[in-house]
Amino acid sequence: MERSAGSGPGQDGQYRRDRRRPEIVAVHSRDKDPARRAERIRAAANGWAQFWLGRLDLDDVAWEIGECLDDIATADGRVSAVTDRALGRWQQLWPDDVLTTIPGIGPICAASVRGWWGQGTHLRSAKAAAAHVGLNPSNWESGQHRSPSRTITKEGPADLRLVLYQGANVARHHDPGLAAHYRRLMCDRGHTHISATTAVARKLACRAWKVLQDQRPYELRDLDGNPIDAATAKRLCGELAVPADTRRRNRATRRGRLSP
């Protein structure tokens, strides 16, 4: 977009906003062409405004949206304050937490695990730990029909389940064992990213329980069980990455667009 020779301050501001649109889109999406997507968003917004012109008070809508954004900002501030307090308590009670040696478990995840499990002594096994978070598969039986390994039970604390799921999505890029498990589910069993990552989160919960019981740092290993360093582990995970076409096919199959 070029500026006209006699553009005033208002046009300058509009010009700067137009220049920033692709940058904003690039931050909040994975689109390969942020400029094209920004233009599509702008065209859609203009079309929406033209349609409702004379039918809806757009100024009132703008005011309401502004109020909602203020509420969101206030909520974000409260969440940030609570998070800082929780992390402070975690660092005070467990200054060098052994949980953070597990790939995918950072300060927030470790603080959440400690908040719900403490030392984990009330959980008798790794399976019990996964069940406590609701990451164990549910069983369904009726008459002569039995269908194990359905969806997870989701009977545990949702916030702990969420941080373990997010941690699992990171861990599969750094732990070869988890990367291989994720690949096997995606490539051999046709799982979607969400279901495969949930299965990885279950294994991550088991790893966290074991580390709590042993009180020893987690040790990265290759697929043969040999100790390796972090750089080698990440390289092996890269070699185990799931092909993009497999991801697309699994999504399409689950949505009924393709036959299995």
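The values are calculated or read from the model by the stated rules, or taken from the named source; none is laboratory data. Owing to the predicted nature of the structure, the values given are computational and were not obtained by experimental measurement. Note that we place each Cβ from the backbone using ideal geometry, even for glycine, and neighbour counts take in every protein chain shown. Heads up: the accessible areas ignore ligands, DNA and RNA and are worked out on the full protein's heavy atoms, side chains in. Shrake-Rupley method; radii C 1.70, N 1.55, O 1.52, S 1.80 Å.
Here are a few things to note about the model shown:
- Residues of region 8-58 satisfying the condition of being surrounded by 12 or more Cβ atoms within 10 Å (Cβ to Cβ), at pLDDT below 85 and in a loop (DSSP other than H, G, I, E, B): Ser29, Asp31
- For region 221-249, the set of residues classified as under 22 Å from Arg207 (Cα atoms) and part of a helix (DSSP H, G or I) consists of Ala230, Ala231, Thr232, Ala233, Lys234, Arg235, Leu236, Cys237, Gly238, listed by residue number.
- Residue-level check: of (1) over 16 Å from Ile105 (Cβ atoms); (2) surrounded by fewer than 11 Cβ atoms within 10 Å (Cβ to Cβ), Glu219 misses just (1).
- Contacts under 7 angstrom Cβ, first residue in region 72-99 being under 21 Å from Ala205 (Cα atoms) and among the β-branched types (Val, Ile, Thr), partner assigned to a helix (DSSP H, G or I) and open to solvent by less than 90 Å² (accessible area, probe 1.4 Å), 6 or more apart: Val98/Val211
- Options Arg202, Arg184, Arg161, Arg216: the member that is over 16 Å from the mean Cα position of the chain (by Cα) and either part of a helix (DSSP H, G or I) or free of Cβ contacts under 8 Å to residues at least 40 places away in the same chain (or both): Arg184
- Arg249, sole failed condition from (1) open to solvent by 70 Å² or more (accessible area, probe 1.4 Å); (2) farther than 21 Å from Tyr165 by Cα; (3) in contact with a helix residue (DSSP H, G or I) (Cβ under 7 Å, 6 or more places away or on another chain): (3)
- Sole residue being outside any helix (DSSP H, G or I), open to solvent by less than 60 Å² (accessible area, probe 1.4 Å) and either touching a helix residue (DSSP H, G or I) at 6+ places or on another chain (Cβ under 7 Å) or not hydroxyl-bearing (Ser, Thr, Tyr) (or both), chosen from Leu123, Leu99, Leu87: Leu123
- Meets criteria (in contact (Cβ under 8 Å) with a residue 12 or more places away in the chain, surrounded by 10 or more Cβ atoms within 10 Å (Cβ to Cβ) and in a helix (DSSP H, G or I)) for Ile108: yes
- Region 188-199, residues that are assigned to a helix (DSSP H, G or I) and buried (at least 16 other Cβ atoms within 10 Å of the Cβ): Ser195, Ala196, Thr197, Thr198, Ala199
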